[in-house]
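Asks: Have a look at the structure that comes next, please.
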């Protein structure tokens, strides 16, 4: 049943021209065609057509998609993530207009929407413009200041999310540090892939220390849509388009969702088990004497019924936890090359 | 049974319909024949099919066509089915366009789907390989929440014009889709390289593959009815007592368990009489389709 499929929210943030929309178009083209057995499909056919047409325009004519503008407001997409034919999750994806996070004027509609949205989102994508990072590496004037200014805004927003979630006793969202235009960094960051990743991890931790907390799942994903260099116009050479790891952020969001769901279901199962044990003790105590057996018959029956319910509930929760762990394992196969910060440490999932 | 053809413009859907009809209506395969219910459609399809043998290809569909047909085995009708052909461009139009909306609705209600891929295009064009995504996306949505078996045929058309040793490579963009179908309990797929021109090849396979599941579904339903009726009959027969016959039957005038058992046996017998003519054709279809690889 469609209603039984869990739904998650993904919120994408980033400065104007950081490549959010291009990333979304590329990611959709990639995942809708299938990654192993995983597929992402827009629920609305016209959205599917629009995203696919935008990708075709890139691949065939080198035309980059138009960035999200203030006039266009936020863009909302409803996707279904499938394993094979079966739907696994419904995904509500919001792409905020470039630079919305800079506006502290809450009278602007999408700024207030963003604040509300961040309060309940399951995964946040912080888009860092790879061109800006490249400028910093090349020691271009004012690049460091621009970067710190952009990062400062994210840090403040993420701090607000953390406080809001803490107050409401909610699990924090997973965070993807999405570094776009990764092709620009490849030549500037020295060493092999592993060394570059290590450097990116250190960089991310230095730039956004607020995110690297024990209870937050974080991934650093350097992506690119090809070897297209610095953009000087809205056209690129289609021959140079070769998407690089653009599926990883989405796979990580789902991995983190299932990882935490598995923990939550296991915790509920553990609680049910504990409660059953408590009831069992109460029952055993009440039957210790003959008088107790005679007088507490009704209470014992109620306890038996309650324990039966709890055992069934425990089994259901254990089953759900196992299902989530299984999905985690499948998703983990796609994340072997992705630096992830989980439970307070950088981790290789396998 | 509803069978829907899906494919981009010039993928060969309309040609296939004509070639399949000519072969299945005039020659038949293993005693199986197809016949249109409407005489005009019968004549049109035959004319177009005969034209194909001379190398005259029908114009692509500019709108939705629906043909109501019957599969026969020898003289007996086995199953009625509707074959739906859509304008190829409907796949690339927005859902507000009428025939795109109809296509999506037809797919949701389809009992079988035949995907048409132009093998020449696939061999020569990266864009054609990318367009596979448009097909699979709508098929995934149509398959969601199904509980009955849905056959899916990937019909690779114009195979007489390509180097067939390259088919596997051409189908690489289909890999994830095929893998997904393979893992889905309720969907069974097959790949059929075909030619619909002067030397038709494998044109009978897509239609017979789809219809096998339709016939089988009917037969399974009859077997279930038969078993249920037989079980009822046994239940009533076990409750047949002298008390029931005398008190409930004679004095109260109600139907006795013995009579109810006889009714249920009659129902079971009727079901068996409906089922029996289907058994041999099903076996024959299984024999005909046996060599076909499924996923």
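Derivation of every value follows stated rules applied to the coordinates shown; laboratory data play no part. Just so you know, these numbers come straight off a predicted model, no measurement behind them. Cβ coordinates were reconstructed from backbone atoms using ideal geometry, including for glycine residues, and neighbour counts include every protein chain displayed.
Asks: For region B:1-47 and region A:163-199, write down the distance between their C-alpha centroids in whole Å.
Replies: Distance between centres, Cα-based: 56 Å.
Asks: Also: What list do you get for B:106, A:237, A:43 if you sort them by fewest beta carbons within 10 Å? Before the final figure, lay out each step's value.
Replies: Working: B:106 22, A:237 11, A:43 16.
Going from least to most buried by this count: A:237, A:43, B:106.
Asks: Could you give the alpha-carbon Rg of region A:260-333 over 2.2 N^0.38 Å, rounded to two decimals?
Replies: Working: Rg = 17.1 Å, N = 74, 2.2 N^0.38 = 11.3 Å.
Working it through for region A:260-333, the quotient is 1.51.
Asks: Now, a different point. In nm, to one decimal, how far is the modelled label at residue A:57 from the one at residue A:138, with both set 7 Å along Cα→Cβ?
Replies: Each label point is offset 7 Å from its Cα along the Cβ direction, giving 2.7 nm.
Asks: From the square roots a ≥ b ≥ c of the eigenvalues of the alpha-carbon gyration tensor of region B:2-207, which class results: rounded (a/c under 1.5), prolate (a/b over b/c), or oblate?
Replies: Values: a/c = 1.41, a/b = 1.21, b/c = 1.16.
Since a/c stays below 1.5, the shape of region B:2-207 is classed as rounded.
Asks: With a ≥ b ≥ c the root eigenvalues of the C-alpha gyration tensor of region A:2-247, is it rounded (a/c under 1.5), prolate (a/b larger than b/c) or oblate?
Replies: Working: a/c = 1.38, a/b = 1.03, b/c = 1.33.
Taking the square roots of the gyration eigenvalues as a ≥ b ≥ c, region A:2-247 is rounded.
Asks: Using only atoms on other chains, find how many Cβ atoms lie within 10 Å of each Cβ of peptide A:50-61 and report the average. Kindly include the intermediate steps, with their values, before the conclusion.
Replies: On the way: counts 1, 0, 6, 1, 0, 2, 5, 0, 0, 3, 3, 0.
Partner Cβ neighbours, averaged per residue: 2.
Asks: Using helices alone, what [θ] at 222 nm do you get for chain B, with -39,500 (n - 2.57) per DSSP H run of 4 or more residues, divided over all residues and rounded to the nearest 500? Show your work: numbers first, answer last.
Replies: Details: 10 runs with 141 residues, N = 295.
It comes out at -15500 deg cm²/dmol, rounded to the nearest 500.
Asks: Applying a 10 Å radius around every beta-carbon, put B:90-97, A:222-229 in order of their mean neighbour count, most first. Numbers along the way, then the final one.
Replies: Numbers: B:90-97: 15.5, A:222-229: 22.2.
By packing density, highest mean first, the sequence is A:222-229, B:90-97.
Asks: Between the helical axis of B:257-289 and the dominant principal axis of chain B, each derived from Cα atoms, what acute angle in degrees is found, rounded to the nearest 10?
Replies: That helix lies at roughly 20 degrees to the long axis.
Asks: In percent, how large is the relative contact order of region A:2-247, given Cα pairs closer than 8 Å and 6 or more residues apart? Could the numbers behind the result be given before it?
Replies: Values: 431 pairs, mean separation 57.8, N = 246.
Relative contact order of region A:2-247: 23 percent.
Asks: Any chance you could check the Cα centroid distance between region A:29-94 and region A:239-258 for me, in angstrom?
Replies: Region A:29-94 and region A:239-258 have Cα centres separated by 13 Å.
Asks: Let me ask something else. Based on alpha-carbon centroids, what's the gap between region B:60-112 and region B:224-243 in Å, whole number please?
Replies: Between the Cα centre of region B:60-112 and that of region B:224-243, the gap is 43 Å.
Asks: Using only alpha-carbon positions, what ratio does the radius of gyration of the protein assembly as shown give when scaled by 2.2 N^0.38 Å?
Replies: Working: Rg = 31.5 Å, N = 645, 2.2 N^0.38 = 25.7 Å.
This ratio for the protein assembly as shown stands at 1.23.
Asks: Using a 10 Å cut-off on Cβ to Cβ distances, tally the other chain neighbours for every residue of B:128-140 and report the average as a whole number.
Replies: Mean shielding by partner chains, rounded to a whole number: 4.
Asks: Working from Cα positions, state the angle (0 to 90°, nearest 10) between the long axis of helix A:193-207 and the longest principal axis of chain A.
Replies: Relative to chain A, helix A:193-207 is tipped by roughly 80 degrees.
Asks: Continuing with the same structure: List, largest first, the extents of the alpha carbons of region B:153-295 along their principal axes, each in whole Å.
Replies: Projected onto the principal axes, the Cα atoms of region B:153-295 cover 82, 33, 19 Å.
Asks: Grab the DSSP H runs of chain A that are 4 residues or longer, score each as -39,500 (n - 2.57), total them, divide by all residues and round the 222 nm result to the nearest 500 deg cm²/dmol. It would help to have the intermediate numbers written out before the result.
Replies: On the way: 10 runs with 176 residues, N = 350.
So the calculated ellipticity at 222 nm is -17000 deg cm²/dmol.
Asks: Moving on. Looking at chain A, what % of its DSSP beta bridges pair antiparallel, to the nearest 5? Show your work: numbers first, answer last.
Replies: Values: 23 of 45 bridges.
DSSP beta bridges in chain A are roughly 50 percent antiparallel.
Asks: Quote the relative contact order of region A:260-333 in percent (integer), defining contacts as alpha-carbon pairs under 8 Å separated by 6+ residues. Before the final figure, lay out each step's value.
Replies: Details: 48 pairs, mean separation 40.6, N = 74.
Rounded, it is 55 percent for region A:260-333.
Asks: Still on this structure: With both bridge residues required to lie in the protein assembly as shown, what share of the DSSP beta bridges run antiparallel, to the nearest 5%?
Replies: Values: 40 of 83 bridges.
Rounded to the nearest five, the antiparallel share is 50 percent.
Asks: Note the angle between two axes, namely the Cα long axis of helix A:297-332 and the longest principal axis of the Cα atoms of chain A, as a number of degrees from 0 to 90, rounded to the nearest 10.
Replies: 20
Asks: Right, here's the next one. Given axes a ≥ b ≥ c from the Cα gyration tensor, I'd like to know whether region B:38-120 is rounded (a/c under 1.5), prolate (a/b larger than b/c) or oblate.
Replies: On the way: a/c = 2.02, a/b = 1.28, b/c = 1.58.
Oblate shape, in that a/c is at least 1.5 and b/c is the bigger or equal ratio.
Asks: Let me know the mean shielding of A:21-34 by other chains, meaning the per-residue number of their Cβ atoms within 10 Å of its Cβ. Before the final figure, lay out each step's value.
Replies: Numbers: counts 0, 0, 0, 0, 0, 0, 0, 0, 2, 0, 1, 5, 11, 12.
Mean partner shielding for this stretch: 2.
Asks: Also, quick follow-up: Using Cα-Cα distances under 8 Å and only pairs 6 or more residues apart, what relative contact order does region B:107-191 have, in percent? Walk me through the intermediate numbers first.
Replies: Numbers: 93 pairs, mean separation 35.0, N = 85.
Reported relative contact order: 41 percent.
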